[in-house]
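For reference, the structure discussed in these notes is given below.
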Amino acid sequence: MTPPNQTWSFRHVREIIPTERVRKAAKTRELPPEPRPEILDLTFEAHDGPIVLREFLSTRERDALVVLHNGNLAVEWLADGMRDDEPHLIFSVTKSITGLLANALATKGLLDLDKTVADYVPEAASGGFGNATLHQMLDMEASYAFVEDYSPGPDVTAYRHAAGWYPGPAGAPALEEFLLARQAEGEHGKKFRYLSPTTDMVGVICARVAGTTWAEAVSTYLWQPAGAEEHAEVTVDREGTPRAAGGFCTIPRDLARFGQLVADGGLGAVSPEYLDDIMHGGDPEHWAIGDFAEFFPGGAYRSFWYKPMVDPDVVLGVGIHGQLLYVDVARNVVVVILSSWSEPDNEVRHTDNYIAARTIARSYDS
């Protein structure tokens, strides 16, 4: 995770730390070619002035761009050294996968989003998560003692030890024990608090109600319906608990296929009612007083998906080090940008990714 190693390691995670396979579909969803090479010549307004998309990708630590329109492949750009069959770590875009998985399990009647964490994980009853509802968890409105500091601060360091991302120290808790040890702090359901362990706890719940591992559930309920062409991977700790908040690795085309599943109305994996809730639910007032209010002014957040509320029916998954999944349902455009930034988090660079994707989507209006 440190320069210059991250460019290689984000594409070779399974060679460094343990992962569990997320199996591909038996029948791959074809992406018929609809070439739009002129997209790479679009100019958009980055934080430091106008820039051509091709230059933006090639000079600013981006690894891949995939654009789908109506399920057809318009653009696939890969940086030098990036193979098209090489799973890339997508960090917190994983959260959006976990959010859609929870909604898929609710669609099947296996999960009640109005119930609390303790209803599904009784041993969590006395901790910081216990009385939070699944809706509050999915909307990042659970409140407990944790500081999301990628310096990394002491909480994130301990979290990465637990998840198996950092080695040692001896006696460090595994991920599930780490989650259960979180202490209450404040009241749930009052404002947006971006705390990654929230998603890991939802991942634990999803695995329990599915009666499988999280990876098997993602394969069954999302990856196979999306028609993935390659196996994906998720990092796991020493007990096999997945990093459901940020450990997913996939090829760019398959992440685009996952986005297309959303753009196509869920394809039966997620009911129209639950998908409509993701698109139109969430509390803008809670967002406005939350952790990332300046990132998307006037935005909202639902089921681990960002909602800029600028263009209608647009949802995003965003991950540190420059990962983006952009789904514009109204235009039926999906944009994937994968990166290996030297720094983990930079708001203006995340905004550049978003504006680039929005410019691509809007180019289909002309």
Under 12 Å, Cβ to Cβ, from residue 248 - net charge with Lys/Arg +1 and Asp/Glu -1: +1
For the range 1-119, size of Cβ-based charge dipole, Lys and Arg +1, Asp and Glu -1, in debye: 560 debye
Amide H contacts of residue 144 (H built 1.01 Å from N, under 5 Å, at least 5 apart or other chain): 185
Student exercise, the chain dipole from Lys, Arg, Asp, Glu Cβ charges, in Debye to nearest 20: 600 debye
Which listed pairs, of 115/191; 27/115; 27/307; 24/115, have C-alpha distances above 28 Å, in listed order: 27/115; 27/307; 24/115
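State the percentage of accessible surface on the range 114-244 attributable to carbon and sulfur atoms; use a 1.4 Å probe and exclude ligands, DNA and RNA.
49 percent
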Distance in nm between pseudo-label sites at residue 60 and residue 114 (7 Å out along the Cβ direction from Cα): 4.5 nm
Ranked packing of 225-235, 80-90, most packed first, by mean Cβ within 10 Å: 225-235, 80-90
Accessible-area composition of the range 24-77, carbon plus sulfur, in percent [1.4 Å probe]: 52 percent
Bridge type composition, the range 1-105 - antiparallel percent by DSSP, nearest 5: 90 percent
Largest to smallest accessible area among 110, 324 [probe 1.4 Å]: 110, 324
Most positive-pole-ward Cα, 161, 118, 100, against dipole of the range 34-181 from beta carbon charges: 118
Rg/Rh (Cα only; Kirkwood hydrodynamic radius) as it applies to the range 151-269: 1.01
Per residue accessible area of the chain, 1.4 Å probe, in Å²: 37 Å²
Size of electric dipole in the range 249-366: Cβ of Lys, Arg +1 and of Asp, Glu -1, about Cα centre, debye, nearest 20: 420 debye
Residue (of 272, 204, 18) at the positive-pole extreme of the chain, dipole from beta-carbon charges: 18
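The values are calculated or read from the model by the stated rules, or taken from the named source; none is laboratory data. Since the structure is predicted, the reported quantities are computational estimates derived from the model, not experimental observations. Quick reminder, even Gly has a Cβ in these numbers, built from the backbone with ideal geometry, and neighbours come from all protein chains shown. Side chains included, ligands, DNA and RNA excluded: accessible areas come from the protein's heavy atoms. Shrake-Rupley method; radii C 1.70, N 1.55, O 1.52, S 1.80 Å.
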